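**Student:** Sharing a structure below in structure tokens format, with a few things to ask.
The values are calculated or read from the model by the stated rules, or taken from the named source; none is laboratory data. Because the structure is a prediction, the values reported are computed rather than measured. Quick reminder, even Gly has a Cβ in these numbers, built from the backbone with ideal geometry, and neighbours come from all protein chains shown. Ligands, DNA and RNA are excluded from the accessible area calculation, which covers all protein heavy atoms including side chains. Shrake-Rupley method; radii C 1.70, N 1.55, O 1.52, S 1.80 Å.
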Amino acid sequence: MVSFGLTIALAGAALAAALAGVGSILGVRTAGQASAGLVSENPDAFGKVLLLTALPGSQAIYGFLAAIIIANSTGLLGAELAELTVSDGWAVLFASLPMAITGLFSGWFQGKVAAAGVNVTAKQPDASGKAVILSAIVETYAVLGLLVTILL
């Protein structure tokens, strides 16, 4: 039988994956809308804006990785489930929050920066690399959130 502590820990894994996934959804949607607008006017710009559109999707990957690490550490992916106390379960859930929260917000806001980068690319096609760098800076915080979750 699954302990209540294990259930709480797995809720943390679900939060990390779900909130980071929502951040990616919001970010890719925002960047994708801007990219679609540019590509409708200039189909040749597709290659330059594809990376900007895809970048906010990485937060979902980080959230998924955090969830896998948590599931593995609780024995869910192995042969035997860990017996976690309720306090252990809460500790794991709280350890998942850095990834969950940074994934949500960095994905969402990376999409906004990427959309601005699409606008830069529309006006100055040679500046698309700079737009990618600006967008990638926002992603740094999701990486930090993942590292904190792993370390906790």
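**Student:** Taking every pair of Cα atoms in the stretch 92-146, average 1/r, invert it to obtain the Kirkwood radius, and report Rg/Rh to two decimals.
**Tutor:** 1.15
**Student:** Residue 1: net charge of surrounding residues, Cβ under 14 Å, Lys/Arg +1, Asp/Glu -1, itself excluded?
**Tutor:** Neighbour charge sum, excluding residue 1 itself: -2.
**Student:** Could I ask something else about it? Got a sec? Charge dipole of the stretch 25-152, +1 on Cβ for Lys and Arg, -1 for Asp and Glu; which of 38, 99, 56 is way out at the positive end?
**Tutor:** 38
**Student:** State the Kirkwood hydrodynamic radius of the stretch 1-68 in Å, one decimal place, computed from all pairs of distinct Cα atoms.
**Tutor:** 13.5 Å
**Student:** Separate question: State the extension gain, in nm to one decimal, for the chain segment bounded by residue 2 and residue 123, taking 0.36 nm per residue of separation less the distance between their alpha-carbons.
**Tutor:** The span from residue 2 to residue 123 would gain 37.9 nm if fully extended.
**Student:** Within the stretch 70-139, report the GluC sites (Glu not before Pro) that DSSP leaves as loop and that have at most 11 other Cβ atoms within 10 Å.
**Tutor:** 80
**Student:** Let's see if you can work this out: charge +1 on each Lys and Arg Cβ, -1 on each Asp and Glu Cβ, no other charges. What is the dipole magnitude of the chain about its Cα centre, in debye to the nearest 20?
**Tutor:** 440 debye
**Student:** Please give the per residue accessible area of the stretch 56-152, computed with a probe of 1.4 Å over protein heavy atoms only, in Å².
**Tutor:** Result: 53 Å² of accessible area for each residue.
**Student:** For the chain, return all DSSP H helices satisfying: extent of Cα atoms along own axis at least 24 Å; mean Kyte-Doolittle hydropathy at least 1.0.
**Tutor:** 4-41, 128-151
**Student:** Who wins for biggest fluctuation among 12, 103, 47 in a Gaussian network model of the chain, springs between alpha carbons below 10 Å?
**Tutor:** 47
**Student:** Kirkwood Rh, Cα Rg: Rg to Rh for the chain?
**Tutor:** Checking Rg against Rh, the ratio lands at 1.14.
**Student:** Sticking with this one: Please report the carbon-and-sulfur percent of the accessible area for the chain; probe 1.4 Å, protein heavy atoms only, DNA, RNA and ligands left out.
**Tutor:** It is 72 percent, rounded to a whole number.
**Student:** Give me the distance between the Cα centres of the stretch 78-112 and the stretch 19-75, rounded to whole Å.
**Tutor:** 20 Å
**Student:** Quick check: residue separation of residue 82 and residue 152 times 0.36 nm, minus the Cα distance between them. What number comes out in nm?
**Tutor:** Gain on stretching residue 82 to residue 152: 23.5 nm.
**Student:** Under the rule of -39500 (n - 2.57) per DSSP H run of 4 or more residues, summed and divided by the residues of the chain, what mean residue ellipticity at 222 nm is obtained, to the nearest 500 deg cm²/dmol?
**Tutor:** -29000 deg cm²/dmol
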